[in-house]
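Here's the structure, in structure tokens; my notes come after.
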Amino acid sequence: MGGERQLAGGRILIRQPDSGDEDAYEALLLDPEVSAWLRPEPLPPFSRADIAEMLADDLRHWREAGFGPWALVEAEGGELVGRVGLRRTSIGGELCTELAWTVRPVWQGRGLATAAAQEGLALGRSVGLPEVVALVLPANLASRRVAEKAGMRSTGEVTHAGLPHLLYRAELRGAG
């Protein structure tokens, strides 16, 4: 399930990240519109070291868990347009697997995040995860719609990274 696949009518490839993606991760995560949701005040903005560590964590996650965040790249030209996938995390001391998505603003509103999130849920099922969660800032209406369209349900509010987030859940065992 980690192999390369196509989304958006073949215009986007979904693949595992590689060590050569650091500059592309920086371009994505340092975009002001992206970082406003991923690192809102009072959190400090991403540094290049943070992004290098995120890529290293993504690569390590794939090696150790057999799944992780994907790179979404344009089929023609190879530009990184997003990062979507599964990663283990802790929410309120509970170990869980989070489905997270980030898509460049120019690609938003086209169903790409929802399609990739659905791929993430399918991956979770294929590796036997019982459940996947998503954390969404309450004001992020677009990400709330992605979670809902992907089939997740809101189960309340939690504090994560010192900020209130809506917690979405998708039960995967026994589901399609």
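A search for C-beta distances below 8 Å between a residue of region 149-165 that is free of Cβ contacts under 8 Å to residues at least 60 places away in the same chain and any residue that is part of a strand (DSSP E or B) and among the charged types (D, E, K, R), counting only pairs 6+ apart in sequence or on different chains, returns 152/169; 153/169; 155/169; 164/157; 165/157.
So, residue 103, is that one crowded, with 19+ Cβ neighbours inside 10 Å and either of a type in the set (Ser, Thr, Tyr) or over 22 Å from residue 170 (Cβ atoms) (or both) or not? Don't jump to the end; show me each part of the working.
Details: crowded, with 19+ Cβ neighbours inside 10 Å: yes; either of a type in the set (Ser, Thr, Tyr) or over 22 Å from residue 170 (Cβ atoms) (or both): no.
No, not satisfied.
Scanning region 92-110 for residues that are part of a strand (DSSP E or B) and out of contact with any Leu (no Cβ under 7 Å at 6 or more places or on another chain) yields a total of 5. Whenever a residue of region 16-37 is open to solvent by 40 Å² or more (accessible area, probe 1.4 Å), its partners that are of a type outside the set (Gly, Ala, Ser), lying with C-beta atoms within less than 6 angstrom and at least six residues away or across chains, give the pairs 16/62; 22/55; 33/105; 37/140. Residues considered: 85, 68, 92, 10. Of these, the only one that is closer than 28 Å to residue 127 by Cα, open to solvent by less than 30 Å² (accessible area, probe 1.4 Å), over 15 Å from the mean Cα position of the chain (by Cα) and touching a residue at least 12 places away in the same chain (Cβ under 8 Å) is 10. Does residue 98 qualify as being within 25 Å of residue 12 (Cα to Cα), buried (at least 17 other Cβ atoms within 10 Å of the Cβ), at pLDDT 95 or above and among the acidic types (Asp, Glu)? Judged against the criteria, residue 98 is a match. Of the set (1) without any contact (Cβ under 8 Å) to a residue 40 or more places away in the chain; (2) part of a loop (DSSP other than H, G, I, E, B); (3) under 17 Å from residue 14 (Cα atoms); (4) of a type in the set (A, V, I, L, M, F, W, C), all apply to residue 113 but (2).
I'd like to verify a number: residues in region 138-165 that are part of a helix (DSSP H, G or I) and of a type in the set (A, V, I, L, M, F, W, C), how many? Spell out how you get there, then give the answer.
Start the filter on region 138-165 by keeping residues that are part of a helix (DSSP H, G or I), which leaves 141-149.
Filter once more, keeping what is of a type in the set (A, V, I, L, M, F, W, C): 141-142, 146-147.
Counting residues in region 138-165 that are part of a helix (DSSP H, G or I) and of a type in the set (A, V, I, L, M, F, W, C) gives 4.
A single entry from 124, 151, 156, 111 fulfils the requirement of being over 12 Å from the mean Cα position of the chain (by Cα), open to solvent by less than 50 Å² (accessible area, probe 1.4 Å), of a type in the set (Gly, Ala, Ser) and under 26 Å from residue 65 (Cα atoms): 124.
When region 38-53 is limited to residues that are free of Cβ contacts under 8 Å to residues at least 40 places away in the same chain and open to solvent by less than 40 Å² (accessible area, probe 1.4 Å), the one that is farthest from residue 125 (Cα to Cα) turns out to be 46. In region 71-82, the residue that is nearest to residue 119 (Cα to Cα) out of those that are small (Gly, Ala, Ser) and surrounded by fewer than 21 Cβ atoms within 10 Å (Cβ to Cβ) is 75.
The values are calculated or read from the model by the stated rules, or taken from the named source; none is laboratory data. Here the structure is a predicted model, which means the values were calculated and not measured. Because the Cβ atoms are built from the backbone with ideal geometry, glycine has one as well, and the counts that use them run over all protein chains shown. We work out accessible area using only protein heavy atoms, side chains counted, and drop any ligands, DNA or RNA first. Shrake-Rupley method; radii C 1.70, N 1.55, O 1.52, S 1.80 Å.
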